[in-house]
1. Inspect segment 7-21 for any residue being surrounded by fewer than 17 Cβ atoms within 10 Å (Cβ to Cβ), farther than 24 Å from ARG179 by Cβ and among the acidic types (Asp, Glu) and give the result as yes or no.
2. What number of residues within segment 221-232 are in contact with a Ser or Thr (Cβ under 9 Å, 6 or more places away or on another chain) and either of a type in the set (Val, Ile, Thr) or in a helix (DSSP H, G or I) (or both)?
3. Within 23 Å of the chain's Cα centre (by Cα), in a helix (DSSP H, G or I) and surrounded by fewer than 17 Cβ atoms within 10 Å (Cβ to Cβ), is that true of GLU37?
4. What are the residues in segment 99-117 that are free of Cβ contacts under 8 Å to residues at least 24 places away in the same chain and not hydrophobic (A, V, I, L, M, F, W, C), if any?
5. Determine which single condition GLN30 fails, assuming it passes every other condition in (1) assigned to a helix (DSSP H, G or I); (2) modelled with pLDDT of 90 or more.
6. How many residues, within segment 72-87, are out of contact with any His (no Cβ under 7 Å at 6 or more places or on another chain), buried (at least 20 other Cβ atoms within 10 Å of the Cβ) and either touching a residue at least 60 places away in the same chain (Cβ under 8 Å) or of a type in the set (D, E, K, R) (or both)?
7. Would segment 188-197 turn up any residue that is under 25 Å from ASP96 (Cα atoms) and either surrounded by 22 or more Cβ atoms within 10 Å (Cβ to Cβ) or at pLDDT below 85 (or both)?
8. Can you name the condition, by its number, that ALA252 falls short on among (1) of a type in the set (A, V, I, L, M, F, W, C); (2) in contact with a helix residue (DSSP H, G or I) (Cβ under 9 Å, 6 or more places away or on another chain); (3) more than 14 Å from PHE185 (Cα to Cα)?
Amino acid sequence: MTDNSQIIGYFLEEAKEHLDTIEQGLLGLQAAMKDQESLNELFRAAHSVKGGAAMLGFTSIQKTSHRLEDSFKILKENPQIPVDHKLENLFLSGFDVLRDLLERVQGPFGLRDDEAKTILDEAEPRFVQLQAHLESLNSGGPGIAEEVAPPPAKKSPTPAPAPVSNSSDFPHQVTRVLREMLQVFKQPTTPTNRQQLEEICAGLFNLDEQSAEWMSLVETAQTAIGNPKASYEVLAPLVIKELKIAAELINAGRTQEVKPSSELANLAESAIAKRVAIRLEPQAVAQVLRASFNQKQLQQLVAALKKGAA
């Protein structure tokens, strides 16, 4: 390995860590807006990629990371900006451009100048819209009307893509499903929304039917989501982070390392325990119901039982 290729290897390794930081921050952008250090991390990650790219002459990567850096700076200096679905999509669209460029550097032919120029030209409208939308939200406006790369319409149940675990596209397929899941996590906690989350999660099974580890993790996540006592605030970071990391491990050939965390497993076990704990004795049934539902849900259950008995 030449000195230059070794330096590029170091840059790509570090850039991957920064990409992970940016992606995690964007997938939980509303939470990040409440934590100044999280916003600082987003800014620093983009800044670091920009600096490394400039040193190595990757102008397209430098420009793209600079655009993201400028946008993160606006968030950092104006944490009161309301985060809407459109802003998240615009940020993720810009992030995908940066990731695409970095992945091409690792390809057999590297990142060709003509290829980089085409990608930058096609991406420019996205960053223009991102900047305009940020400025509009910061000024108290409703944002811009145009949409860039809107996510596919939600379907229930979510159809799963063909299994691609042996392809570098596997993490991207999983990430697309996780983005859809994140949007539901941001909605009110209702039985309907929780069921939709379970259905989206079920769609992940078919992504890698050959991996027992992946199937086990998805099943654990789905069971935990079905736990009525588990809040979205607790579930969202656990489920999304663990499934994303698992996809990357599988793609790297480290499937044996995939397993649910103790926190996720405990939520799933608690849900299972609640389902099987009901006995025929009325007192035991009442105890389980009180532990599983809040007061409003219990009142609705009582009303439904009375109606059924009438």
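1. yes
2. Of the residues in segment 221-232, the ones in contact with a Ser or Thr (Cβ under 9 Å, 6 or more places away or on another chain) are 224, 227-232.
Those still in the list that are either of a type in the set (Val, Ile, Thr) or in a helix (DSSP H, G or I) (or both) too: 224, 232.
Here the count works out to 2.
3. Considered against the rule, which asks whether it is within 23 Å of the chain's Cα centre (by Cα), in a helix (DSSP H, G or I) and surrounded by fewer than 17 Cβ atoms within 10 Å (Cβ to Cβ), GLU37 comes out as yes.
4. Within segment 99-117, the subset free of Cβ contacts under 8 Å to residues at least 24 places away in the same chain is 100, 104, 107-110, 112-115.
Correct list: ASP100, ARG104, GLY107, PRO108, GLY110, ARG112, ASP113, ASP114, GLU115.
5. (2)
6. So the first thing to find is which residues in segment 72-87 are out of contact with any His (no Cβ under 7 Å at 6 or more places or on another chain), and the list is 72-85.
After this cut, where a residue has to be buried (at least 20 other Cβ atoms within 10 Å of the Cβ) as well, the list is 72, 75.
Still in the list and also either touching a residue at least 60 places away in the same chain (Cβ under 8 Å) or of a type in the set (D, E, K, R) (or both): none.
The qualifying residues number 0.
7. yes
8. Unmet condition: (2).
The values are calculated or read from the model by the stated rules, or taken from the named source; none is laboratory data. Everything numeric here is computed off the predicted structure, so don't read it as measured data. So basically every Cβ, Gly included, is an ideal-geometry build from the backbone, and we count neighbours across all protein chains shown.
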